[in-house]
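The values are calculated or read from the model by the stated rules, or taken from the named source; none is laboratory data. Treat the numbers as computed from the prediction; the structure is a model and nothing was measured. Note that each Cβ is placed from the backbone with ideal geometry, even for glycine, and that neighbours are counted across all protein chains shown. These accessible areas exclude ligands, DNA and RNA; they are computed on the full protein's heavy atoms, side chains included. Shrake-Rupley method; radii C 1.70, N 1.55, O 1.52, S 1.80 Å.
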Amino acid sequence: MKLMDEIVVVENLVKNFKDIVAVDNISFTIGRREIFGLLGPNGAGKTTTIHIIATLLKPTSGRVFVSGYNVVEESKRVREKIGIVFQDPSLDNQLTAYDNMYIHGKLYGLKGRELHDKIMELLDFVELKQFASKKVRYFSGGMRRRLEIARSLLHEPELLILDEPTIGLDPQTRARIWNYIRELRREYDMTILLTTHYMDEAEELASRIAIMDHGKIIAMGTPDELKAMLRGDAIYLVLRGDIDSFCRELSFARECRKIAENRIEVLVDNAPKVLPELFNIALSNNVVIQEVSYRRPTLNEVFLHLTGRELRETIEETPVIRRAYMRRHWR
Amino acid sequence: MDDRDLNAVASMIYRQLKRWISSRSRIVSVIVQPLLWIILLGLGFGAIFSAQNIDTSTWPSFVKINPELLKNIVSKYFTTLFGGVDYITYLITGMASMTAFMGSFISGISVIWDKQFGFLKETLVAPASRRSIIFGRMLGDAIINTIHSTAIILLSLLVSGSINIWGIPAALAYIFIMSLGFTGLGIALSLRFSSMEGFQMIVNLLTMPLMFMSGVFYPLKTMPDWMKTIALFNPLTYAVHGSRYWLTGTDTGLSFMNPLLDLAILSIFTTIFTIIAMILFDRASLED
């Protein structure tokens, strides 16, 4: 048994798939009643991490505890403590919403009247009560996700794991699911671990965030702490010319550095005020500015600051195509 | 096995039954297919294996045989061959086992579907023991297959007059045990094959010969020796022999076979494949 204030303890976790390093020596803890967000692009290792926490994969090295139980040696105990909503649906489409809940309850040792009442209460919570006896096959994507959330709560888990809870959902449904998550935290004191590649989702919901990229945690803290890494505004320039000497000329900049080929990030207190001056300096230094933008820092800028890539750009990599292909193949 | 494991077994039986009830097309296809076999083979070959159709009028005049005597002899030959019953009775009693046999492999397909559609993950992350989950699933499927066989047996009452109604429960017991074993085999295979195509190919390769070398369509006694040898290692052979014995009182097997031995062999086969399926499912992870 480990410390009880921390519901999840991850120590030096490594996971290799053959010669691919999916998770590269990460450590973090999640305290009770926290909403902890793992933020990062597809392929960053978020899903692998939570599959290990959920006992579905074995770590290559390192240790993971949930409620004090080791996920490898005491996997059964861990399974009792967690509820999980997978990224891809895991419902039985041939059965009704009620039966999906009922079978889940039975698998977790619930019975009879108690089980029935619990099912109805939770279906009510996710506003699916009137569809209880409808087959899941006829449900929309949002309804399925809501049903999965209800199902994962049935056995009163101590830790709720949500893997990309709003992926592929329309804005209204997203907002609705966000509300459920906030309510779970507020009304039920639930500890929630969620993964997402939407920075707004992490910012909106998470009390603490770990940013993951290429299997590593590259930053961790509250959203405010992370954004404080880039106080003020961030100006992004794509330019041609001598970047180093240009940077030296910017006396008003708190920081000026190259984050990618031809691309620099300039941290300033007030971007609109200093931009004209910046253009003048560029002109007098023979630097050609090809693109300019400035932003109030969000988590996206934090990610850009740390990796030189936009979180948004990385979303468009291959996994999306693969998912579309699989869908075509299996539906 | 504790209380929760029993609960898990019950929940998986419930799930398989619910799925079965909700998929009418499957019920129809599982019943219709053997029905087609019975009609097409039973009526087609049934007429050949019957002395009534011997046409003596075209025989040359020097053949001096009493046509009635000939029909008697031929008729005797066929009924002995088929254990004392006509071909359609012979076929339909074998078909009862075959229906459950074919259905057993559908469980394997459903495991692959669950892999593709994610429901498998839901069962892998549950605290109930994996063994009880897969065992519940097997039991549920074996029950469904036995229900299909029951339908075929009830149908046989309409087609044949020589079925012993009191033997039906015993025959169903043989069929149930056999189906449980093949369900285990199907699940074991499905856990090894992640693609539907690969699994289907193996199953087709397996079911066709097992079906024909089991005594469903023709007796073991007249098979070539090599075929007999294979049939001896085919669990379906013993289910067909045993259930046919209870349904018609006929002994259509090889000399050493008897209903008790059938039961013993089926039980051993089923125990082995139940354990294999349990072990493989216990080891199943998201990595394969």
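Okay, residues lined up against (1) touching a Pro at 6+ places or on another chain (Cβ under 6 Å); (2) hydrophobic (A, V, I, L, M, F, W, C); (3) crowded, with 22+ Cβ neighbours inside 10 Å; (4) within 14 Å of chain A (Cβ to nearest Cβ):
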residue: B:SER104; (1), (2), (3), (4): no, no, yes, no
residue: B:ARG130; (1), (2), (3), (4): no, no, no, yes
residue: B:ILE134; (1), (2), (3), (4): no, yes, yes, yes
residue: B:ILE144; (1), (2), (3), (4): no, yes, yes, yes
residue: B:SER149; (1), (2), (3), (4): no, no, yes, no
residue: B:ASN164; (1), (2), (3), (4): no, no, no, no
Exercise. Among the residues of the range B:12-52, how many are crowded, with 19+ Cβ neighbours inside 10 Å, over 17 Å from the mean Cα position of the chain (by Cα), closer than 30 Å to A:LYS135 by Cα and hydrophobic (A, V, I, L, M, F, W, C)?
Worked result: 3
For this session: Please work out which residue is nearest to B:GLY84 (Cα to Cα), limiting yourself to the range B:224-261 and to residues that are aliphatic (A, V, I, L, M) and surrounded by fewer than 24 Cβ atoms within 10 Å (Cβ to Cβ).
Result: B:LEU254
For this session: Among the residues of the range B:160-203, write down those that are under 16 Å from B:MET98 (Cβ atoms) and out of contact with any Ser or Thr (no Cβ under 6 Å at 6 or more places or on another chain).
Result: B:MET178, B:LEU185, B:VAL203
For this session: Can you run down the residue pairs with Cβ atoms below 8 Å, 6 or more apart or on separate chains, where the first is in the range A:75-95 and more than 8 Å from chain B (Cβ to nearest Cβ) and the partner is assigned to a strand (DSSP E or B) and of a type in the set (Asp, Glu)?
Result: A:VAL85/A:ASP163; A:GLN87/A:ASP163
Exercise. Among the numbered criteria (1) within 27 Å of A:THR96 (Cβ to Cβ); (2) out of contact with any Ser or Thr (no Cβ under 9 Å at 6 or more places or on another chain), which single criterion is violated by B:GLY140?
Worked result: (2)
Seminar exercise, completed: B:LYS221 fails exactly one of (1) free of Cβ contacts under 8 Å to residues at least 40 places away in the same chain; (2) part of a loop (DSSP other than H, G, I, E, B); (3) open to solvent by 50 Å² or more (accessible area, probe 1.4 Å), namely (1)
Seminar exercise, completed: Within the range A:136-157, of all residues that are of a type in the set (Lys, Arg) and surrounded by fewer than 22 Cβ atoms within 10 Å (Cβ to Cβ), the one farthest from A:TYR188 (Cα to Cα) is A:ARG137
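With the requirement that a residue be buried (at least 18 other Cβ atoms within 10 Å of the Cβ) and over 23 Å from the mean Cα position of the chain (by Cα), what does the range A:121-131 give you?
Residues satisfying the conditions are A:LEU122, A:LEU123, A:PHE125, A:LEU128, A:PHE131.
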Exercise. With B:ARG4, B:ARG19 as the choices, which residue is basic (Lys, Arg), touching an Asp or Glu at 6+ places or on another chain (Cβ under 9 Å) and outside any loop (DSSP other than H, G, I, E, B)?
Worked result: B:ARG19
Seminar exercise, completed: Residue set B:ILE21, B:ILE31; condition under 29 Å from A:THR96 (Cα atoms), β-branched (Val, Ile, Thr) and within 14 Å of another protein chain (Cβ to nearest Cβ); output residue B:ILE21
Problem set entry | Residue check for B:THR274: open to solvent by less than 60 Å² (accessible area, probe 1.4 Å) and either assigned to a helix (DSSP H, G or I) or of a type in the set (Val, Ile, Thr) (or both) | yes
Exercise. In this structure, does A:MET199 turn out to be farther than 13 Å from A:ASN300 by Cβ, under 14 Å from the mean Cα position of the chain (by Cα) and buried (at least 16 other Cβ atoms within 10 Å of the Cβ)?
Worked result: no
Seminar exercise, completed: Out of (1) assigned to a strand (DSSP E or B); (2) in contact with a Pro (Cβ under 8 Å, 6 or more places away or on another chain); (3) not small (Gly, Ala, Ser), the one A:LYS76 does not meet is (1)
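Results for (1) surrounded by 18 or more Cβ atoms within 10 Å (Cβ to Cβ); (2) modelled with pLDDT under 90, shown as yes or no for each residue.
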position: A:ASP170; (1), (2): no, yes
position: A:THR173; (1), (2): no, yes
position: A:ILE181; (1), (2): yes, no
position: A:THR191; (1), (2): yes, no
position: A:GLU204; (1), (2): no, yes
position: A:ILE211; (1), (2): yes, no
position: A:PRO223; (1), (2): yes, yes
position: A:ARG231; (1), (2): no, yes
For this session: Quick one: B:LEU6 ticks every box in (1) away from every other protein chain (no Cβ under 14 Å); (2) open to solvent by 80 Å² or more (accessible area, probe 1.4 Å); (3) in contact (Cβ under 8 Å) with a residue 60 or more places away in the chain except a single one, so which number is it?
Result: (1)
For this session: For B:THR93, indicate whether it is under 15 Å from the mean Cα position of the chain (by Cα), part of a helix (DSSP H, G or I), among the hydroxyl-bearing types (Ser, Thr, Tyr) and surrounded by fewer than 23 Cβ atoms within 10 Å (Cβ to Cβ).
Result: no
For this session: Could you tell me whether the range B:191-203 includes any residue that is over 13 Å from the mean Cα position of the chain (by Cα), within 21 Å of B:GLY136 (Cα to Cα) and in a helix (DSSP H, G or I)?
Result: yes
For this session: Could you identify the single residue in A:LYS118, A:LYS106 that is more than 8 Å from chain B (Cβ to nearest Cβ), assigned to a helix (DSSP H, G or I) and surrounded by 16 or more Cβ atoms within 10 Å (Cβ to Cβ)?
Result: A:LYS118
Exercise. Where residues in the range A:54-73 are assigned to a loop (DSSP other than H, G, I, E, B) and in contact (Cβ under 8 Å) with a residue 40 or more places away in the chain, which of them is most open to solvent (accessible area, probe 1.4 Å)?
Worked result: A:THR60
Exercise. Since A:HIS51 meets every condition but one in (1) under 29 Å from A:THR222 (Cα atoms); (2) without any contact (Cβ under 8 Å) to a residue 40 or more places away in the chain; (3) more than 7 Å from chain B (Cβ to nearest Cβ); (4) not hydrophobic (A, V, I, L, M, F, W, C), which condition does it not meet?
Worked result: (3)
Seminar exercise, completed: Selection from the range A:121-142 of residues touching a helix residue (DSSP H, G or I) at 6+ places or on another chain (Cβ under 9 Å), more than 9 Å from chain B (Cβ to nearest Cβ), among the charged types (D, E, K, R) and more than 21 Å from A:TYR180 (Cα to Cα) yields A:LYS134
For this session: Search the range B:106-128 for residues being within 27 Å of the chain's Cα centre (by Cα) and among the small types (Gly, Ala, Ser), and hand back the single one that is nearest to the other protein chains (Cβ to nearest Cβ).
Result: B:SER110
Exercise. What are the residues in the range A:121-135 that are outside any helix (DSSP H, G or I), closer than 24 Å to A:ASP189 by Cα and not hydrophobic (A, V, I, L, M, F, W, C), if any?
Worked result: A:GLU127
For this session: Six or more apart or on different chains, Cβ under 6 Å: which pairs go from a residue in the range B:201-215 that's surrounded by 15 or more Cβ atoms within 10 Å (Cβ to Cβ) to one that's not in a helix (DSSP H, G or I)? Could you list them?
Result: B:LEU210/B:ASN234; B:MET213/B:ASN234; B:SER214/B:ASN234
